[in-house]
1. When B:Ser242 is evaluated against the numbered criteria (1) of a type in the set (Ser, Thr, Tyr); (2) open to solvent by less than 20 Å² (accessible area, probe 1.4 Å); (3) in a helix (DSSP H, G or I), which criterion, by number, is the only one it fails?
2. With hydrophobic (A, V, I, L, M, F, W, C) and open to solvent by less than 20 Å² (accessible area, probe 1.4 Å) as the only criterion, which of A:Ile77, A:Ile73 stands out?
3. Residue by residue through the stretch A:167-178, note down the ones that are exposed (fewer than 13 other Cβ atoms within 10 Å of the Cβ) and in a helix (DSSP H, G or I).
4. For the stretch B:110-127, how many residues meet the condition of being at the interface with another protein chain (Cβ under 7 Å from one of its Cβ atoms), more than 13 Å from A:Tyr210 (Cβ to Cβ) and either free of Cβ contacts under 8 Å to residues at least 60 places away in the same chain or hydroxyl-bearing (Ser, Thr, Tyr) (or both)?
5. Taking only the stretch B:96-107 into account, find how many residues are surrounded by 19 or more Cβ atoms within 10 Å (Cβ to Cβ) and either more than 9 Å from every other protein chain (Cβ to nearest Cβ) or in contact with a Gly (Cβ under 7 Å, 6 or more places away or on another chain) (or both).
6. From the residues in the stretch A:179-193 that are surrounded by 15 or more Cβ atoms within 10 Å (Cβ to Cβ) and without any contact (Cβ under 8 Å) to a residue 24 or more places away in the chain, which one is farthest from A:Ile92 (Cα to Cα)?
7. When the stretch A:130-166 is examined, which residues are found to be over 23 Å from the mean Cα position of the chain (by Cα) and either of a type in the set (Phe, Trp, Tyr) or surrounded by fewer than 18 Cβ atoms within 10 Å (Cβ to Cβ) (or both)?
Amino acid sequence: MMDRYSKLQMVGIYFAITIFLIFILLPFFEMFMASLRPLEHLFRSPYQFWSDDFSFQAYRDMWVTVPLLGRYILNSIFIAGMVTGLTMIFVIPAAYAYARLEFPFKNLTLGIFLGVNMFTGAVLLIPLYRVLRTMGLLNTYWSMIVPGVAFLIPTGIWLLRSYLEKIPRELEEAAFVDGASRMYTLRRVVLPLAVPGLIVVGVAVFIGAYAQQFLFAITFNQQRELQPLPAGLFEFIGYQDVTWNQMMAAALVGVLPVMIIFLFLQKYLVAGLTAGAVKE
Amino acid sequence: MVDTAQTQLEAVQQQRGRALPESVFAWLLIGPAMLFIAVIVAWPLAETIRLSFMEADLGGEQYVGLANYADLMDSRKFHQTIVRTFYWMFLSVSLKLILGLIGATLLNAAVPGRALFRVLVMPPWIIPIAIGCIGWLWLYNGYFGVLSGTMMQLGITDGPFEFLAHKQSAFYSAVVTDVWVGTPMVTLFFLAAMQGVPRDLYEAAYVDGASRWYRFRRITIPQIMPVIVSMSLLSAIFTFNSFEIIWILTEGGPRSATTTLIVDTYKTAISNFKFGEGSARAVVIVILLGTFSLIYLFFLNKVNKHYGSGKK
């Protein structure tokens, strides 16, 4: 009864939701429309909302115009996947320490980690370039993976820590009383219980890594075959002309795999992300 | 039986170094992450500070003391950039928070289809920022973009309107895109916070005859205040540092209309190879952002305490 709306209220809510969603989805809709228009038609002025020569030709041609497109799509997923895996390796032990243990400089070091959140790679590009050059990582996958990991570790620690804090302490204490070592307790008692939290943080890190590849890719990597999708897409801007319709088609197809994976995971994500955020 | 199990366990315990002191164990756990951050973030940061005292380019480095900073102090253009950056941040963050709050309230309403609506809100957050920007680049085009097209059909403008070619419209167009990128995350965090508000609070208020608006103002907002606080700081930092959006849409133009500090830094250091001057700008960013965050945290800690005390 409390949640019941009158007809008028229902109409109002749906109307407002529609406007909100139009704002969110309009660029995708326009990208899709552009991908359907033949190139010579694309630049027809005045603007036409509908035309009768829509076709899916661009979805076939794009693989020819940019032969490495498939590679770019996979590169994006590979880089984001590697970043996620590595980040989690660093984040899990650290988050556990901050959630459970008392040690000197706890708050100070946590503050330092969170301070890293304030920078983006863009501020540190020049020296970062030199560091990566010294380590011989320029123009390899690592040049895009390593900075990604560094800038996602703080977020990961922050999210996972609040998750781990929710796991009842008694279980660990019981294991400890039974004689398990600290490491054993972490591996065999805490981690299995934290799986939902690990999924959430993993997905959040993946999204971060997937969304922000562009800058590191254009700055640290010149190898065409290694480029992720956002950088690779700019190859559709050729010397002669820009094949916009194919670029849009490629962008939409390129993000499709991740969108589909995400659809399956979104339930956990929304529930879990917020479990971490609400507390602080 | 019990005895042997006991001895076995003890042996295992010793092997695994159970006696490890808590603080040593803790440092072993955070050590790798610390070290990684030190090499990839802290060292470059120190290097940036060093470079900011240098005249440095591809040719080499020469110590110039505070000259780079003095130049920035004197530069009217740089002052304008700072003002523009804060205006950009203020405008974009406010819009993200307002839209996020409205969006979350709508998606929290118990209407059929809301599970679907929640999914539909997420795409701008999940896809690479650069790809969303390509979509907006298209929308803003004067000749074949739908916005200009609609405006022409409605007779608002006579000819094609290039959103990114004029100083004012380019700035606000970039803001809109930034808001578009940032709103889904804010919305989802607010939504989840709203779902965490205990139902009995609403029920009690409902029984007392409180209106929806009253319940929103007096229950929802205070209850989700901590999340509003953390999201506003997080968004502020993201927006301040927002680079890709501006770079892809306008590269800071036309005539610097969309050049924020981060874009200015990138242009100086990477596009023009003035590493020293670029580093000085980067240091200014770190100082501004650090100060801003501290003031903000201090101020909002108070807000949190205020709301927190009323809760329990």
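The values are calculated or read from the model by the stated rules, or taken from the named source; none is laboratory data. All of these numbers come straight from a predicted model, not from anything done at the bench. Quick reminder, even Gly has a Cβ in these numbers, built from the backbone with ideal geometry, and neighbours come from all protein chains shown. Please note that ligands, DNA and RNA were not included when accessible areas were found on the heavy atoms of the full protein model with its side chains. Shrake-Rupley method; radii C 1.70, N 1.55, O 1.52, S 1.80 Å.
1. Condition (3) is where B:Ser242 drops out.
2. Numbers: A:Ile77 fails: open to solvent by less than 20 Å² (accessible area, probe 1.4 Å).
Answer to the selection: A:Ile73.
3. At the first step, the residues of the stretch A:167-178 found to be exposed (fewer than 13 other Cβ atoms within 10 Å of the Cβ) are A:168-170, A:173, A:177-178.
Matches in the stretch A:167-178: A:Arg169, A:Glu170, A:Glu173, A:Val177.
4. So the count comes out to 5.
5. Taking the stretch B:96-107 as the starting set, the residues that turn out to be surrounded by 19 or more Cβ atoms within 10 Å (Cβ to Cβ) are B:96-97, B:99-101, B:103-104, B:106-107.
Narrowing further to those that are either more than 9 Å from every other protein chain (Cβ to nearest Cβ) or in contact with a Gly (Cβ under 7 Å, 6 or more places away or on another chain) (or both): B:96-97, B:100-101, B:104.
Summing the residues that are surrounded by 19 or more Cβ atoms within 10 Å (Cβ to Cβ) and either more than 9 Å from every other protein chain (Cβ to nearest Cβ) or in contact with a Gly (Cβ under 7 Å, 6 or more places away or on another chain) (or both) in the stretch B:96-107 gives 5.
6. A:Gly179
7. Listed by number, the residues that qualify are A:Arg130, A:Arg133, A:Thr134, A:Met135, A:Gly136, A:Glu165, A:Lys166.
Yes/no matrix, rows are residues, columns are (1) out of contact with any Cys (no Cβ under 9 Å at 6 or more places or on another chain); (2) modelled with pLDDT of 85 or more; (3) open to solvent by less than 10 Å² (accessible area, probe 1.4 Å); (4) at positive phi:
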| residue | (1), (2), (3), (4) |
| --- | --- |
| A:Gly197 | yes, no, yes, no |
| A:Val203 | yes, yes, no, no |
| A:Gln212 | yes, no, no, no |
| A:Ala217 | yes, yes, yes, no |
| A:Arg224 | yes, yes, no, no |
